[in-house]
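Below: one structure, written as structure tokens.
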Amino acid sequence: MENASINKKSYNKIVDDWAKIRNNSAVNKPIIDFLEKIKPNGDILDIGCGSGNPIAKYFSENNYSIIGIDFSEKMIEIAKSQEIKNSQFIVSDFFDFETDKKFDGIVAWDSLFHFPKERQKELYSKIYDLLLPNSYFLFTHGKKEDEHMDKMFGEPFYYSCLSRNSVLELMTDLGFELEYEIENFVEENTTRDWVVLAKKISKT
């Protein structure tokens, strides 16, 4: 859990710089595509919601209910201060998050790569269990198996991921169906190695 503690401490330190950038960030097209597939007035879980901008705010403005979780207390403070309607923001590590609610959609935009490499496989089964049948999961990810430290706003951050093929195999075994994937996603001034939209298939 040492790496998680490093990330939490660093996010709490950079929260003001982070919020300034996110307040002026556009909603990426995969987020828009994702929302078009969710039933009207549905429930969405945002894993690693940060300051709530622009993603949770966009969902709210389109009359969806959002639960946003983030392990950074300072990020959640900012998210709550915005008074985004139909939203609930919770300080929690995803592995500690518990709820009886099932969701119509789950988004993890720039968050899965902060989880410990040895626990990456656990992410997908928990996400699967939190989704309603025929609902959607959108996430960003690296393409190659990796584990490293890097810096953002001068603070250290831990990153890890499984390989693309490992993730797709895990998800298929669980009961996800791939809707689409985008490698080397580029939009305006932003890039992502891999963007994935998957659907939880209803098992009979």
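The values are calculated or read from the model by the stated rules, or taken from the named source; none is laboratory data. Just so we're clear, the structure is a prediction, and the values are computed from it rather than from any experiment. Counting neighbours? That spans all protein chains shown, and the Cβs are built from the backbone with ideal geometry, glycine included. SASA here: full protein model, heavy atoms, side chains in, ligands and nucleic acids out. Shrake-Rupley method; radii C 1.70, N 1.55, O 1.52, S 1.80 Å.
Along Cα→Cβ, 7 Å out, is where each label goes; now give me the distance between the ones at Asn165 and Glu188 in nm to one decimal.
That separation, rounded to one decimal, is 3.7 nm.
Return one whole number: the accessible area per residue of segment 1-122 in Å², for a 1.4 Å probe.
48
How long is the gain from Lys117 to Asp33 if the chain were fully straight, where each residue apart is worth 0.36 nm and the alpha carbon distance is subtracted?
Value of the extension gain: 27.3 nm.
Rounded, prolate or oblate, given the Cα gyration tensor of the chain, with a/c below 1.5 counting as rounded?
rounded
Give me the dipole magnitude in Debye, nearest 20, for the chain about the Cα centre, with unit charges on the beta carbon: positive for Lys and Arg, negative for Asp and Glu.
240
With the cut-off at 32 Å, tell me which of the pairs Lys20/Lys200; Lys13/Lys39; Lys57/Lys126; Lys9/Lys199; Lys13/Lys200 have Cα atoms farther apart than that.
Going by Cα-Cα distance, Lys20/Lys200; Lys13/Lys39; Lys9/Lys199; Lys13/Lys200 fall outside the 32 Å limit.
For His114, His148, write out the residues from largest to smallest accessible area, computed with a 1.4 angstrom probe and no ligands counted.
Ranked from most to least accessible, the order is His148, His114.
Relative contact order of segment 58-108, please, whole-number percent, based on alpha carbon pairs below 8 angstrom and at least 6 residues apart.
37
For Trp109, tell me the accessible area in Å² from a 1.4 Å probe, rounded to the nearest 10.
Counting only protein heavy atoms, Trp109 exposes about 10 Å² to solvent.
Would you please name the GluC sites (Glu not before Pro) within segment 1-93 that are DSSP coil residues with at most 10 other C-beta atoms within 10 Å of their C-beta?
Glu83
Nearest 20 debye, what's the magnitude of the dipole of segment 59-159 about its Cα centre given +1 on Lys and Arg Cβ and -1 on Asp and Glu Cβ?
Roughly 240 debye, rounded to the nearest 20.
If you average the sequence gap of Cα pairs under 8 Å that are 6 or more apart and divide by the length of segment 107-204, what percent do you get for the contact order?
For segment 107-204, the relative contact order is 33 percent.
How large is the accessible surface of Ser81 in square angstrom, using a 1.4 angstrom probe and rounding to the nearest 10?
Solvent-accessible area, nearest 10 Å²: 80 Å².
Before anything else, pin down the relative contact order of the chain: Cα pairs under 8 Å, at least 6 apart, normalised by residue count, whole percent.
Relative CO of the chain lands at 20 percent.
For all pairs of alpha-carbon atoms in segment 1-43, what percent lies in each bin of width 10 Å, listed from the first bin to the last filled one?
Binned Cα distances yield the sequence 22, 27, 31, 20, 0.
Per DSSP H run of n ≥ 4, the term is -39500 (n - 2.57); total these for the chain, divide by its residue number, and report the mean residue ellipticity at 222 nm rounded to 500 deg cm²/dmol.
Helix-only estimate at 222 nm: -10500 deg cm²/dmol.
Per the 1.4 Å probe, what fraction of the accessible area of segment 10-59, in percent, lies on carbon and sulfur atoms?
With neighbouring chains kept in place, the figure for segment 10-59 is 47 percent.
Would you mind listing how long segment 36-123 runs along its three principal axes, going by Cα atoms, in whole Å with the largest first?
Rounded to whole Å, the extents work out to 37, 28, 23 Å.
From the residues Gln88, Phe113, Gly175, which one has its Cα farthest along the dipole of the chain in the positive direction, the dipole being from +1 and -1 charges on Cβ of Lys/Arg and Asp/Glu about the Cα centre?
After comparing all options, I get Gln88.
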